[in-house]
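In what follows, a structure is listed as structure tokens, so that the remarks can point back to it.
Nothing in this text is a laboratory measurement; each read-out follows from the coordinates by a stated rule. Predicted model only: the values in this text are computed from it and were never measured. Because the Cβ atoms are built from the backbone with ideal geometry, glycine has one as well, and the counts that use them run over all protein chains shown.
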Amino acid sequence: MKIKFWGVRGSVPVPGESTKIYGGNTSCVSCETGGEFFIFDAGTGIRGCGDYLMKKGLPASAVIMISHTHWDHIQGFPFFIPSYIPGNKFKMYGPPSDVQNLSIRQVMELQTKYEYFPVHINQLGAEIEYIDCVDEHFSIGGVNISTCRLNHPVTCFAYKVSHGGKNFIYAGDHEPFRNLYRDSAEGAEMDEDFLAELDENTEEQNARIVEFCRGVDLAIWDAQYTAEEYQSKKGWGHSWYEVDLELAKKAGIKHLIMDHHDPLSADDILAEREKKYQALAAEAGFSLDFSREGLEINL
Ligand SMILES: [Zn+2]
Ligand SMILES: [Zn+2]
């Protein structure tokens, strides 16, 4: 499997001098297995990935796996040029919305309503099949895929891809503690018992995530903050470095890629942190890298 990073930034694109080493585009990773071309998330990085697909030759086809539908994971899709070309074929898998009971197709349609974009997704030239991702295990072209729900303000998946005796996980956004905003927005009574129950649910989910990650060759994981930065960003749905290190240790992840970098983390900051966490990972006996645009990993 050839894995390539096209967009590694969380939240919002940050092009410019201070991000040219790690990259400023939002989430997008591809995986070529020989027979299939997978694309994980459709942040602004998918634009470059689309150009690559075009150069590989037409007609193009790919399976696009959406972790969740926050902007930074779908906003590049209207600029994915291969989707405009008749003869190309795509399948898009993603979680249906539990906010308004919408299918993945309906949620994707929202961002190309005429108020927001001139071309509706129904007017794209390529054949695109939208599939609500509701099963925990399925297979695409001989490649086995498993899903695991993460803790985030909307339904969000980690996808595990197994092929040729190797496996890797592409995780969407994950916060290892209960969601602050959704639960209070729904008017739930926030007494101590209720909060304790939410904490317990999240702990159970974290335990399921450890099992999901058990022994994987590679895991690409949300590592947006330091512990200090997280304190003023609780409830935004993201993790921090030390939590991810613990996950890797507990689950025996062989190679951890810290991804979804905060827009405020310039290249010099990321380089310093990468060195620090690489040393800690080496002590614990696993490999660690920070994702950067253009990084390729062969599994
Ligand atoms: Zn995100
Ligand atoms: Zn998100």
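Per-structure values
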| read-out | value |
| --- | --- |
| Förster radius 25 Å - calculated FRET efficiency between Thr202 and Leu102, Cβ distance, rounded to 0.05 | 0.50 |
| Burial ordering of Cys213, Cys49, Cys28, fewest other beta-carbon atoms within 10 Å first | Cys213, Cys49, Cys28 |
| Cβ-derived FRET efficiency at R0 51 Å, Lys56 paired with Ala227, nearest 0.05 | 0.75 |
| Given Lys2/Lys233; Lys91/Lys275; Lys250/Lys275, the pairs whose alpha carbons are separated by over 32 Å | Lys2/Lys233; Lys91/Lys275 |
| Separation in nanometres of the label points that stand 7 Å from Cα toward Cβ, at His120 and Glu242 | 5.1 nm |
| Residue-averaged 222 nm ellipticity for the chain, from DSSP H runs of 4+ at -39500 (n - 2.57), nearest 500 | -8000 deg cm²/dmol |
| Most mobile listed residue (Lys276, Lys250, Lys234) in the chain, GNM with C-alpha springs under 10 Å | Lys276 |
| Rough spin-label spacing in nm, given labels placed 7 Å along Cα→Cβ, for Ser18 and Glu109 | 4.1 nm |
| Out-of-range pairs (alpha-carbon distance over 26 Å; input Lys56/Lys113; Lys55/Lys160; Lys4/Lys249; Lys20/Lys55) | Lys56/Lys113; Lys55/Lys160 |
| Three-way shape call for the range 80-171 based on the alpha-carbon gyration tensor, with the a/c threshold at 1.5 | oblate |
| Among 167-173, 93-99, the order from most to least packed when residues are scored by Cβ within 10 Å on average | 167-173, 93-99 |
| Percent RCO, i.e. relative contact order, over the range 2-298, from Cα pairs under 8 Å lying at least 6 residues apart | 18 percent |
| Packing-based exposure ordering (other Cβ within 10 Å, fewest first) of Asp244, Asp41 | Asp244, Asp41 |
| Loop-located chymotrypsin sites (Phe, Trp or Tyr not before Pro) in the range 99-130, at most 11 other Cβ atoms within 10 Å (DSSP) | Tyr114, Tyr116 |
| From the C-alpha gyration tensor of the range 2-298, square roots of 5λ in Å | 28, 23, 19 |
| Sorted by Cβ density within 10 Å, fewest first, the residues His70, His255 | His255, His70 |
